[in-house]
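Following: one structure in structure tokens, then a few remarks.
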Amino acid sequence: MNKKTVREINVNFKTVLLRADLNVTFHPGSTEISDDTRIRESLPTIQYLVKHNCKVLICSHLGRPNGSIVEDLSMKHISKRLSNLLDMPIRLIPDCVGETVTETLKSLGHGNVALLENVRFYVEEEENNHEFAQALSAPADIYVNDAFGASHRPHASIKRITDMLPSVAGLLMDKELQVLDTLLSFPTHPFTAILGGAKVSDKIETLKNLTELADTIIIGGGAAATFLKSAGYSIGKSPIEEAHISSAADMINNRQSSIILPVDVIVADSFSNDAIYQTVNITDIPNNSRIMDIGPDTATMFKEVIRSSKTVVWNGPMGVFEWEPFSKGTISIAECIADHTKAMTVIGGGSTADIVKYLNLANRMTHVSTGGGATLEFLSGETLPGVVGLLNQN
Ligand code: ADP
Ligand code: MG
């Protein structure tokens, strides 16, 4: 990527507006953080700016307040953890624009950090509003975008803001862009992409782009049903997306990469944890059942392909992994990728990253992306709205 990073401009003693992605998950029905990965991944850039004596104004969204003030989505639920992890006090500002911010800044010393209130408390954020971006930018000298996971959103604090201030990538953003750019621009072959998850429609553009780049595409998850159907198999009650059957057929027939589909699957009589299930060959899927996971022969076949690859990118679980009877395919693929230490291995997608973390395999992957939608959009060949406006390297 030819984008300037925070390391390549002079930030000493500047006031920096840092867009981070602190959109953590909470335990259901509470404001207790269940996974603080996003906070942790944001630390290096914050620490870099602190070390360079910046006044650091951190801006983030949290959840979907849709332009109104929602107490449970206040950044106050983030500040304590952030402060603990940084091992320094954080000033929490109860707004993200206006006088409260300017006043706080006056008494904020260099090398100190303030956290702005949830930027999505303003409806103007998601509208990519010009005046709002101006107000956000007003106190700052420099804008740093480290919110890779939100950079597919053309929002005011992500996109419009780059019209207002010299804008550069943060260290997490840089890491994400480097890894994903390597996949698209100069992957070591053989390059295998594994796609699963619930639906084809979420991933069709990514799939189309990857079929031009990868040697092999492995399809699992609910997405496999649409491909199996387009290849002429009867897939029982498995939901398919009619609109994508012809694209799927086109990919199987015409593109340069080979598409590998399951040869056996675990099917169930209903979509539930305690459904009656069985393993069947894809030629024998009963009319009254639906695909819930890949079967053992498929897992073996997929694993062979993975082991013979030099680059692997994985997005989307192989089955309904949340339910134990249908989790085996996903777990065995995750373990196989983690064990394949000789390849560049990249994990993208919210659920897929969660599984890898849950299985304690994250540090055995080359990279676990913090982006879901952003990663997919990047892999589909798009330049992200939050990246377009960053300064180019000379
Ligand atoms: P990611 O967040 O990693 O991009 P997705 O959001 O695309 O992944 O898909 C995750 C969901 O896909 C999971 O909730 C999982 O239960 C579901 N899924 C996987 N396989 C199937 C299947 N055969 N039928 C229905 N849902 C599936
Ligand atoms: Mg998802």
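To the nearest 0.05, what FRET efficiency results for ASN2 and THR102 with a Förster distance of 35 Å applied to their C-beta separation? Present the calculation step by step, with values, prior to reporting the outcome.
Details: r = 35 Å, r/R0 = 0.99.
Calculated value: 0.50.
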Exercise. For region 174-210 and region 90-140, what is the separation of their Cα centres, given in Å?
Worked result: 35
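Hey, can you find the accessible area per residue of region 198-295 for me, probe 1.4 Å, expressed in square angstrom?
On the way: 4280 Å² over 98 residues.
Accessible area per residue: 44 Å².
All other residues with a Cβ under 10 Å from the Cβ of ARG364 taken together, and with Lys, Arg as +1 and Asp, Glu as -1, what is their net charge?
Values: positive: none; negative: GLU335, ASP339.
Computed value for this residue: -2.
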For this session: May I ask what percent, to the nearest 5, of DSSP beta bridges between residues of the chain are antiparallel?
Result: 25
Problem set entry | Computed magnitude of the charge dipole of the chain (debye, nearest 20; Cβ of K, R +1, Cβ of D, E -1) | 960
Problem set entry | Cα centroid of region 319-337 to Cα centroid of region 373-394, whole Å | 31
Seminar exercise, completed: Summing +1 per Lys or Arg and -1 per Asp or Glu among the other residues with Cβ less than 9 Å from SER238's Cβ gives +3
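Work out how much length ASN360 to SER68 would gain on full extension: take 0.36 nm times their residue separation and subtract the Cα-Cα distance, in nm to one decimal. Each step should come with its number before you reach the end.
Details: separation 292, 0.36 × 292 = 105.12 nm, distance 3.74 nm.
My answer for the length gained is 101.4 nm.
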Exercise. What does the highest-first list of 274-286, 10-22 look like by mean Cβ count within 10 Å?
Worked result: 10-22, 274-286
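By how many nm would the segment from VAL388 to SER201 grow when fully extended, if each residue of separation counts as 0.36 nm and the alpha-carbon distance is taken off? Intermediate results must be reported in sequence, preceding the final value.
Details: separation 187, 0.36 × 187 = 67.32 nm, distance 2.51 nm.
So the chain would gain 64.8 nm between VAL388 and SER201.
Cβ under 10 Å from CYS54's Cβ, CYS54 left aside: what net charge do those residues give with Lys, Arg +1 and Asp, Glu -1? Please report the intermediate quantities before stating the final value.
Details: positive: LYS14, LYS51, LYS55; negative: ASP141.
Around CYS54, the charge tally is +2.
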For this session: Write down, largest first, the equivalent ellipsoid semi-axes of the chain in whole Å, where each equals the square root of 5 times an eigenvalue of the alpha-carbon gyration tensor.
Result: 42, 22, 18
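Longer than 28 Å from Cα to Cα, which of LYS203/LYS310; LYS4/LYS357; LYS51/LYS106; LYS203/LYS229; LYS80/LYS342; LYS76/LYS203 are they? Say none if no pair is.
Working: LYS203/LYS310 23 Å; LYS4/LYS357 30 Å; LYS51/LYS106 20 Å; LYS203/LYS229 17 Å; LYS80/LYS342 39 Å; LYS76/LYS203 35 Å.
From LYS203/LYS310; LYS4/LYS357; LYS51/LYS106; LYS203/LYS229; LYS80/LYS342; LYS76/LYS203, over 28 Å: LYS4/LYS357; LYS80/LYS342; LYS76/LYS203.
Region 179-379: D in µm²/s via Stokes-Einstein (Kirkwood Rh, Cα pairs, 25 °C, 0.890 mPa s)? Before the final figure, lay out each step's value.
Values: Rh = 16.5 Å.
Once the numbers are plugged in, D ends up at 149 µm²/s.
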Exercise. What spacing in nm lies between the two simple spin-label points modelled at THR300 and SER258, each 7 Å away from Cα in the Cβ direction?
Worked result: 1.8
Exercise. Which length gain, in nm to one decimal place, applies between SER30 and ILE245 when the Cα-Cα distance is subtracted from 0.36 nm times their residue separation?
Worked result: 73.3 nm
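Take every DSSP beta bridge whose two residues both sit in region 1-114, then give the antiparallel share in percent to the nearest 5.
Numbers: 2 of 12 bridges.
Restricted to region 1-114, the bridges split so that about 15 percent are antiparallel.
The values are calculated or read from the model by the stated rules, or taken from the named source; none is laboratory data. Here the structure is a predicted model, which is why all the values come from computation and not from measurement. Heads up, the Cβs are rebuilt from the backbone with ideal geometry, glycines too, and the neighbour counts pull from every protein chain shown. Just so you know, the surface numbers come from the protein's heavy atoms only, side chains and all, with ligands and any DNA or RNA stripped out. Shrake-Rupley method; radii C 1.70, N 1.55, O 1.52, S 1.80 Å.
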